[in-house]
Amino acid sequence: MSELQSVLELSTVHRFNDLVNKKKLFEKIAELLIIDSELTLLRVLDCLNARERLGSTYIGKGVAIPHCKLNVDVVQAVILILDEKIKYSDDNEQQVDIIFALLVPEQNSDQHLHLLSSIARLCENDSWLDGIRALKSEKEIMEYIHNTKSTMVNV
């Protein structure tokens, strides 16, 4: 099992058709990441925005990996697939429709870096991205990710 597959479950995969901008996207990400957590929406939102101010988490091909380090015990992840791309950056025309959002433990930088690398490598594959975009349900997306060859996503 890949690192990405190990931090995902059906409840962490979402399709949306009503997120219209980056602000709403980050609010939804924070809302999803605090489920079953003692973290507050504002704390997660502030952390995600602070990380984004350091540099865009857009990685190309319509994909972004917003992430930040917080006092959590294990990596928390959500995947959002948008029906329509939204503008992700003010300084250019970056548009996203696939978002891998992560909260990672402050003390475990290695796992964080491996997971980011794993996701970035997976997203280099245009046919994989096309496949995930074509899926209509969260269950299909989850099965697609779990059926992805582990060599594609392992570090």
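Among the residues of the range 109-149, how many are in contact (Cβ under 8 Å) with a residue 12 or more places away in the chain, outside any helix (DSSP H, G or I) and farther than 21 Å from Tyr58 by Cβ?
The total comes to 4.
Quick one: in the range 55-98, which of the residues that are in a loop (DSSP other than H, G, I, E, B) and touching a Ser or Thr at 6+ places or on another chain (Cβ under 8 Å) is modelled with the lowest pLDDT? Lay out the reasoning, then the answer.
Kept after step one, since they are in a loop (DSSP other than H, G, I, E, B), are these residues of the range 55-98: 55-57, 61-62, 65-66, 71-75, 88-94.
Going one step further and asking which of them are touching a Ser or Thr at 6+ places or on another chain (Cβ under 8 Å), we end up with 56, 65-66, 72, 88-89, 94.
Numbers: Ser56: 91, Ile65: 95, Pro66: 96, Val72: 88, Tyr88: 93, Ser89: 84, Gln94: 87.
Per the stated criteria, the residue is Ser89.
Can you tell me which residue among Ser118, Ser137 is modelled with pLDDT under 90 and either farther than 22 Å from Ala30 by Cβ or in contact with a Gly (Cβ under 6 Å, 6 or more places away or on another chain) (or both)?
Ser118
Select from the range 45-77 the residues that are over 17 Å from Lys23 (Cβ atoms), among the aliphatic types (A, V, I, L, M) and surrounded by 13 or more Cβ atoms within 10 Å (Cβ to Cβ) and list them in ascending order.
Applying the first criterion (over 17 Å from Lys23 (Cβ atoms)) to the range 45-77 yields 54-55, 59-63, 65, 67, 69-77.
In the following step, the residues that additionally are among the aliphatic types (A, V, I, L, M) were identified as 54, 59, 63, 65, 70, 72, 74-75, 77.
Ile59, Val63, Ile65, Leu70, Val72, Val75, Ala77 - these are the residues of the range 45-77 that are over 17 Å from Lys23 (Cβ atoms), among the aliphatic types (A, V, I, L, M) and surrounded by 13 or more Cβ atoms within 10 Å (Cβ to Cβ).
Which residue is farthest from Val72 (Cα to Cα), if the candidates are limited to the range 35-54 and must be outside any loop (DSSP other than H, G, I, E, B) and among the aliphatic types (A, V, I, L, M)?
Taking the range 35-54 as the starting set, the residues that turn out to be outside any loop (DSSP other than H, G, I, E, B) are 41-54.
Filter again for among the aliphatic types (A, V, I, L, M), leaving 41-42, 44-45, 48, 50, 54.
On the way: Leu41: 14, Leu42: 15, Val44: 11, Leu45: 15, Leu48: 14, Ala50: 17, Leu54: 21 Å.
Ranking the qualifying residues of the range 35-54, first place goes to Leu54.
Quick test for you: out of Leu113, Leu129, Leu19, Leu42, pick the one residue that is crowded, with 18+ Cβ neighbours inside 10 Å and either at pLDDT 90 or above or not small (Gly, Ala, Ser) (or both).
Leu19
Any chance the range 59-77 includes a residue that's touching a residue at least 24 places away in the same chain (Cβ under 8 Å), within 28 Å of Thr40 (Cα to Cα) and out of contact with any strand residue (DSSP E or B) (no Cβ under 8 Å at 6 or more places or on another chain)?
Yes - at least one qualifying residue is present in the range 59-77.
Tally up the residues in the range 22-39 that are without any contact (Cβ under 8 Å) to a residue 40 or more places away in the chain and surrounded by 17 or more Cβ atoms within 10 Å (Cβ to Cβ), please.
Selection size over the range 22-39: 2.
The values are calculated or read from the model by the stated rules, or taken from the named source; none is laboratory data. Please read these numbers as outputs of a predicted model, since none were measured by experiment. Please note: Cβ atoms are built from the backbone with ideal geometry, for glycine as well, and neighbour counts cover all protein chains shown.
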